[in-house]
1. Conditions first: (1) in contact with a strand residue (DSSP E or B) (Cβ under 7 Å, 6 or more places away or on another chain); (2) modelled with pLDDT of 60 or more; (3) more than 23 Å from Ile3 (Cβ to Cβ). Thr130 passes all but one, so which condition is the exception?
2. Tell me which of these Ile85 doesn't satisfy, since it passes every other one: (1) at pLDDT 95 or above; (2) surrounded by fewer than 14 Cβ atoms within 10 Å (Cβ to Cβ); (3) not polar (S, T, N, Q).
3. Based on this model, can you work out whether Val17 counts as at pLDDT below 95 and either within 15 Å of Tyr131 (Cβ to Cβ) or not in a strand (DSSP E or B) (or both)?
4. Out of the residues in the range 22-44 meeting the condition of being among the aliphatic types (A, V, I, L, M) and over 16 Å from Thr125 (Cα atoms), tell me which one is surrounded by the fewest Cβ atoms within 10 Å (Cβ to Cβ).
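The values are calculated or read from the model by the stated rules, or taken from the named source; none is laboratory data. Quantities reported herein were computed from a predicted structural model and do not represent experimental measurements. Quick reminder, even Gly has a Cβ in these numbers, built from the backbone with ideal geometry, and neighbours come from all protein chains shown.
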Amino acid sequence: MRIMAFDYGTKRIGIAVTDPMQLIATSLTTVHPEEIWEFLADYLQKEEVETFVVGKPLQMDGTASQSAQHIVGFIRKLRKIYPGIPIVEIDERFTSKMASSVIAQSGMRKHKRQEKGLVDAVSATIILQTYMDSKAF
């Protein structure tokens, strides 16, 4: 079974998944928040997901950021629609900066590097990898 991670934003949600053996985190896609429920319904018909991991936006002092209210609503709806899939929240404070850095160092063409959805998808991958690393110990 796979683990799926979300980097939730009001314009785009970055999504990453593991392979079925949960060894590798891979960027899957980005979707508009209005399309997430249809996307999940389609994806979960084809693939089994054991856990959802959601990036939790915190401020430097550890308190919830302004965008945290959107995450709360997203998690509430995830729980309601998929009650059998546990949800884990992961601190995502530095994921966008890390994602931008990884993309800049990737050797991708400048045009491709500037796609905003790419940062969200890579951020979701970093959130997922952080979760996987925390489980390894």
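1. The single condition Thr130 does not satisfy is (3).
2. Looking at each condition in turn, Ile85 falls short on (2).
3. Working: at pLDDT below 95: no; either within 15 Å of Tyr131 (Cβ to Cβ) or not in a strand (DSSP E or B) (or both): yes.
Spelling it out, it is not the case that Val17 is at pLDDT below 95 and either within 15 Å of Tyr131 (Cβ to Cβ) or not in a strand (DSSP E or B) (or both).
4. Narrowing the range 22-44 to residues among the aliphatic types (A, V, I, L, M): 23-25, 28, 31, 36, 40-41, 44.
From what's left, over 16 Å from Thr125 (Cα atoms): 36, 40-41, 44.
On the way: Ile36: 18, Leu40: 20, Ala41: 11, Leu44: 15.
Out of the qualifying residues, it is Ala41.
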